[in-house]
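Read the structure below first, then the notes.
The values are calculated or read from the model by the stated rules, or taken from the named source; none is laboratory data. Quick caveat, the model's predicted, so the values are computed rather than measured. Every residue, glycine among them, receives a Cβ derived from its backbone with ideal geometry; neighbour counts consider all protein chains shown. Just the protein is used for accessible areas: all its heavy atoms, side chains included, with ligands, DNA and RNA removed. Shrake-Rupley method; radii C 1.70, N 1.55, O 1.52, S 1.80 Å.
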Amino acid sequence: MPLTQPNLVTLRAGCKINLHLEITGVREDGYHELDTLFFPLPKPFDIITISKGAAGSGLLLDCPGLSIPPEKNIMYKCWEKYCAATDWKPDLEISVEKGIPDGAGLGGGSSDAAVMLNYLNKYCPKNALSPESLNALAATIGADVPFFLNNIPAHATGIGDRLKPSDASLSGYFLVLICPDVSISTPWAFAAWDKAMLTDRMSDNKKEILTTTTSKDRKHSSRALWLFNSFEVVVYSAFPKLRAYKDKLMAFGAEGAVMSGSGSSIFALYREMEQAASAATALEADGVATYIHHL
């Protein structure tokens, strides 16, 4: 029996980082093949408030943090596609308070979309979608959306839509996530990577830009060796201050640091809370938003 749709509900949409992101090729349709490891984080987060709307009002969406028409918002697309798939067209009023910065590589839009889809499927009075069908629908909305439906570590291939649960663990680490006031367009990042490949400006030694602690005693199984991002070469070339921020994170004793997604966010892993706190304080002094996670 379906659950009764509440008059008002407030939900949180968390973010993700990419522990590893490698562009492995370009398909004939222009989409890029990826090999990436998604890892969810609870903050920063968006706050989504959903309430019942007046009969016949459809979806009324308020998202003051984004300067696009509501009908162009990814959540509006979710509502339209879910309605078409189930013949249920709920009247809703939705307010989104953005906490996840745009253009940071943290998947804020995809996270919002997944929260929306899970909400709709939870309260659909009939014709609710199976997990497989909901996942397939999510993939038509955005490559990262299926990951956020389950919100557990996952290895992704294809365009990021072929997911397998991962046992990746950062247990014991202190993670510092920084969100510089720089917005990077994902289409721009892919285009810049394509151009770099065509002009043979990419480094033959991709690990050169990893920026992990070098040590002869490092075990091959070290979690820090996961960290890699194909976008770093082109993004740091265009935004050198991001590389400077990464170097500063490393200077406080990080096991490793890497950019998430197509940027501009960067995270670093520390063994000690004192190291993480010192790094966060230093970046905050530079005016950079920081978040510390004890994993």
Hz values of 3J(HN,Hα) by residue in the range 40-49 - Karplus curve (6.51, -1.76, 1.60), Gly and Pro given as x: x, 10, x, 8, x, 9, 9, 10, 10, 10
Using helices alone, I'd like the mean residue ellipticity at 222 nm for the chain: each DSSP H run of four-plus residues gives -39500 (n - 2.57), total over residue count, nearest 500. -9500 deg cm²/dmol
Full extension between GLU132 and ILE152 adds, at 0.36 nm per residue less the Cα distance, a length in nm of 5.6 nm
Computed over the chain, Kirkwood Rh from alpha-carbon pairs, angstrom: 20.2
Taking the Cα centroid of the range 230-295 and of the range 124-194, what is the distance between the two, rounded to the nearest whole Å? 21
Running a GNM on the chain with Cα contacts under 10 Å, which residue among ASP112, ASP144, ASP167 ends up with the highest mean-square fluctuation? ASP167
Taking only protein heavy atoms and a 1.4 Å probe, the highest-to-lowest accessible-area order of LEU66, LEU19, LEU37 is LEU66, LEU37, LEU19
What do you reckon, how do ARG243, ARG162, ARG271 stack up by accessible area (1.4 Å probe), largest on top? ARG162, ARG271, ARG243
Percent breakdown of C-alpha pair distances by 10 Å bin, ordered from the shortest bin, for the range 243-295: 26, 63, 11
Carbon and sulfur atoms account, in whole percent of the 1.4 Å probe accessible area of the chain, for 52
Residue separation between ASP102 and GLU284 times 0.36 nm, minus their alpha-carbon distance, gives in nm 63.6 nm
Would you kindly find the accessible area of SER57, with a 1.4 Å probe and non-protein molecules such as ligands, DNA and RNA excluded, rounding to the nearest 10 Å²? 40
In a Debye calculation with equal point scatterers on the alpha-carbon sites of the range 7-60 and no solvent, what is log10 I(q)/I(0) at q = 0.18, 0.19, 0.28 Å⁻¹? -0.76, -0.77, -1.05
Expressed as a whole number of Å, what is the distance separating the alpha-carbon centroids of the range 30-45 and the range 50-67? 28
With Cβ to Cβ distances under 15 Å as the rule, what net charge do the other residues near LEU59 carry (K, R +1; D, E -1)? -1
Per principal axis, descending, Cα span of the range 36-133 in whole Å: 36, 31, 19
Given a 1.4 Å probe, the accessible area of the chain per residue, as a whole number of Å², is 48
Among the lysines in the range 63-125, how many pairs, 8 or more places apart or on different chains, have alpha carbons under 17 Å apart? 6
Across 5 Å bins beginning at 0, the whole-percent shares of Cα-Cα pair distances in the range 108-164 come to 4, 22, 32, 25, 11, 5, 1
Express the C-alpha Rg of the range 86-204 as a ratio against the empirical globular expectation 2.2 N^0.38 Å, rounded to two decimals. 1.31
7 Å from Cα along Cα→Cβ at both SER169 and ALA54: what's the point-to-point distance in nm? 5.4
